[in-house]
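Asks: Got a structure for you, written out below as structure tokens; questions coming shortly.
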Amino acid sequence: MATALVPIELPGWAWQRAEVRQALRARDIGAVFRYVQQYSGVGQGRIAMATRMGQPRVNEVIHGRREVIRLDVYERIADGLQMPDDARHLLGLAAGRETRGGGSAFDLAAFPEVVRVYASQASAAQEIQQQARIAAEVDVLAVRGLGLIALNDSLLRPPLTRPAAPERRIRVLLLSPEAPALTRRAAEIGESPESLAGGVRLAEARLRELTGACEVRVYRYRMLPTWRIVRLDSTMFVSAFDAGWEGHESATYKVMETPHGPLYRGFRRMFDALAAESERTV
């Protein structure tokens, strides 16, 4: 007989503390569990009951010997700790089931497209680079893209250029230096608009160098950046921009194309529409 989930309730102010929010943003579940112990007085066994993880595993997470990477486990943790929606969002999750409406529990099995969740781009880097080496189609939605694809030591440039693949098609969407959204984004990340705009122009110049090795198209979009997307054939790595962090710091979702899944198709539709409405510069 399955054991019923017994949630833990923290004081509302606990989720607003800076150290707790930083732990959520970093997806440091070990730190989150330690704060839960501190602010609720519960032990590891109680956390295990609430999150359905098992006490030995909770102990390993708390002491940094194990990481949480699966989306369904993040959901169980958020539900078991009764996280408010703003805390869930910092963790990279959707609003709670009550907020989503309908009263029915969120079933990860209904969304098989999301196959893995990484704490950040760095955690996903090896897998992204492996897939980039063999990808025939590459789509990138970024702000300036220097660390993602433009520089020699960026995430994507080495695997995409060694060896050269003339049949490869690359499309890159960058934030327009002339757009008001660039000034707003610069303020969000504590950078001058001139510096951010210069980074976009440098990225365009570096991407122009790739045109002899494969088909490259670069576009400037004008809206405030929300999603950071890397599509490698039928696999996407998606993260979010926010006022508190840059895209590479956000949780990264690995999304696979499936026959009836809405996420992959929705993100690809958005990318195609944005490219169609943007100014091509390369």
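The values are calculated or read from the model by the stated rules, or taken from the named source; none is laboratory data. In this text, all values refer to a predicted model and were calculated from it rather than measured experimentally. Virtual Cβ from ideal backbone geometry, glycine too; neighbours counted across all protein chains shown. Note: areas computed on protein heavy atoms with side chains; ligands, DNA, RNA excluded. Shrake-Rupley method; radii C 1.70, N 1.55, O 1.52, S 1.80 Å.
Asks: Being more than 19 Å from SER120 (Cα to Cα), open to solvent by less than 50 Å² (accessible area, probe 1.4 Å), at pLDDT 90 or above and among the aliphatic types (A, V, I, L, M): is that true of ILE29 here?
Replies: For ILE29, the condition - more than 19 Å from SER120 (Cα to Cα), open to solvent by less than 50 Å² (accessible area, probe 1.4 Å), at pLDDT 90 or above and among the aliphatic types (A, V, I, L, M) - is not met.
Asks: With respect to ALA213, determine if the residue is more than 18 Å from SER278 (Cβ to Cβ) and surrounded by 16 or more Cβ atoms within 10 Å (Cβ to Cβ).
Replies: Judged against the criteria, ALA213 is a match.
Asks: Another one. Return yes or no: is GLN55 modelled with pLDDT under 90, farther than 22 Å from VAL255 by Cβ and surrounded by fewer than 20 Cβ atoms within 10 Å (Cβ to Cβ)?
Replies: It is false that GLN55 is modelled with pLDDT under 90, farther than 22 Å from VAL255 by Cβ and surrounded by fewer than 20 Cβ atoms within 10 Å (Cβ to Cβ).
Asks: What's the total number of residues in the range 220-236 that are closer than 24 Å to GLU279 by Cα and not in a loop (DSSP other than H, G, I, E, B)?
Replies: Residues meeting the conditions: 9.
Asks: Under the condition of being open to solvent by 30 Å² or more (accessible area, probe 1.4 Å) and touching a strand residue (DSSP E or B) at 6+ places or on another chain (Cβ under 9 Å), which residue from the range 90-114 is modelled with the lowest pLDDT?
Replies: Selected residue: LEU108.
Asks: Here's a follow-up. Got at least one residue in the range 80-89 being open to solvent by 50 Å² or more (accessible area, probe 1.4 Å), at pLDDT below 90 and not hydroxyl-bearing (Ser, Thr, Tyr)?
Replies: Yes: the range 80-89 contains one or more residues that are open to solvent by 50 Å² or more (accessible area, probe 1.4 Å), at pLDDT below 90 and not hydroxyl-bearing (Ser, Thr, Tyr).
For (1) in a loop (DSSP other than H, G, I, E, B); (2) open to solvent by 60 Å² or more (accessible area, probe 1.4 Å), each residue gets a yes or a no:
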site: VAL172; (1), (2): no, no
site: PRO177; (1), (2): yes, no
site: ARG185; (1), (2): no, no
site: GLU191; (1), (2): yes, no
site: ALA203; (1), (2): no, no
site: ARG208; (1), (2): no, yes
site: VAL238; (1), (2): no, no
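Asks: Among residues belonging to the range 129-149 that are of a type in the set (Gly, Ala, Ser) and more than 24 Å from ALA243 (Cβ to Cβ), point out the one that is surrounded by the most Cβ atoms within 10 Å (Cβ to Cβ).
Replies: ALA135
Asks: Which residues, counting only those in the range 61-79, are surrounded by fewer than 19 Cβ atoms within 10 Å (Cβ to Cβ), in contact (Cβ under 8 Å) with a residue 12 or more places away in the chain, in a loop (DSSP other than H, G, I, E, B) and not small (Gly, Ala, Ser)?
Replies: Listed by number, the residues that qualify are HIS63, GLU67, ILE69, ARG70.
Asks: Okay, next question. Give the residues of the range 245-263 that are open to solvent by 50 Å² or more (accessible area, probe 1.4 Å) and in a loop (DSSP other than H, G, I, E, B), sorted by residue number.
Replies: Within the range 245-263, GLU246, GLU257, PRO259, HIS260 qualify.
Asks: Residues to consider are GLU249, GLU257; find the one that is modelled with pLDDT under 95 and in contact with a Phe, Trp or Tyr (Cβ under 7 Å, 6 or more places away or on another chain).
Replies: GLU257
Asks: For the range 264-282, which positions are touching a residue at least 60 places away in the same chain (Cβ under 8 Å) and open to solvent by 30 Å² or more (accessible area, probe 1.4 Å)?
Replies: Residues satisfying the conditions are ARG268, GLU279, ARG280, THR281.
Asks: Check off (1) of a type outside the set (A, V, I, L, M, F, W, C); (2) open to solvent by less than 60 Å² (accessible area, probe 1.4 Å); (3) out of contact with any Gly (no Cβ under 6 Å at 6 or more places or on another chain); (4) under 12 Å from GLY145 (Cβ atoms) for ARG228 and give me the number that stays unchecked.
Replies: Looking at each condition in turn, ARG228 falls short on (3).
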